[in-house]
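Derivation of every value follows stated rules applied to the coordinates shown; laboratory data play no part. Bear in mind that the values here come from a model prediction, so they are computed numbers and not experimental data. Here the Cβ is made from the backbone with ideal geometry for all residues, glycine too, and neighbour counts use every protein chain on show.
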Amino acid sequence: MAKSQNIVHQYFKKQLEGIQILVKVNPILYTGTEITIDTEGKVEVQEMEFDEEIFDDLNVDGFEKCSPLEFNLYLSGLANGNN
């Protein structure tokens with residue numbers, strides 16, 4: 001029987017010149033999702049692959065931790081980008 005793997009994703013956000021960026025990172029596989037919300041509220045979602053230094057990179061780039069709820073509200077379209 002195969003073991004199930006429970007992964008606790010980590011979530012980050014950054015505001016840059018009116019553009020909001022949210023990132024979900026799988027800390028085991030170094031994959032994730034990036035949501036970009038432009039100044040008009042248009043949402044773009046990209047699947048990403050990272051390297052082992054992703055957390056250092058996010059820190060250097062000024063990202064802060066955010067909640068899974070915040071990330072998933074934007075991903076589902078329930079939050080609007082004009083905050």
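What to note about this one:
- All positions within region 32-42 that are touching a strand residue (DSSP E or B) at 6+ places or on another chain (Cβ under 8 Å) and surrounded by fewer than 15 Cβ atoms within 10 Å (Cβ to Cβ): Asp38, Thr39
- Some residue of region 76-83 being surrounded by 15 or more Cβ atoms within 10 Å (Cβ to Cβ), over 12 Å from the mean Cα position of the chain (by Cα) and not in a strand (DSSP E or B): yes
- Every residue from region 20-34 that is touching a Lys or Arg at 6+ places or on another chain (Cβ under 9 Å) and within 14 Å of Leu58 (Cβ to Cβ): Ile21, Leu22, Val23, Gly32, Thr33, Glu34
- Condition met for Ile28 (among the β-branched types (Val, Ile, Thr) and surrounded by 12 or more Cβ atoms within 10 Å (Cβ to Cβ)): no
- The set of residues in region 54-70 that are in a helix (DSSP H, G or I) and either free of Cβ contacts under 8 Å to residues at least 40 places away in the same chain or of a type in the set (Phe, Trp, Tyr) (or both) comprises Ile54, Phe55, Asp56, Asp57, Asn59, Val60, Leu69.
- Looking only at region 2-53, residues that are in a strand (DSSP E or B), within 20 Å of Asn72 (Cβ to Cβ) and of a type in the set (D, E, K, R) come to 6 in all.
- Given (1) in contact (Cβ under 8 Å) with a residue 24 or more places away in the chain; (2) out of contact with any Lys or Arg (no Cβ under 9 Å at 6 or more places or on another chain); (3) of a type outside the set (Phe, Trp, Tyr), index of the condition Gln15 fails: (1)
- Flag if Leu73 is assigned to a helix (DSSP H, G or I) and loosely packed, with under 12 Cβ neighbours inside 10 Å: no
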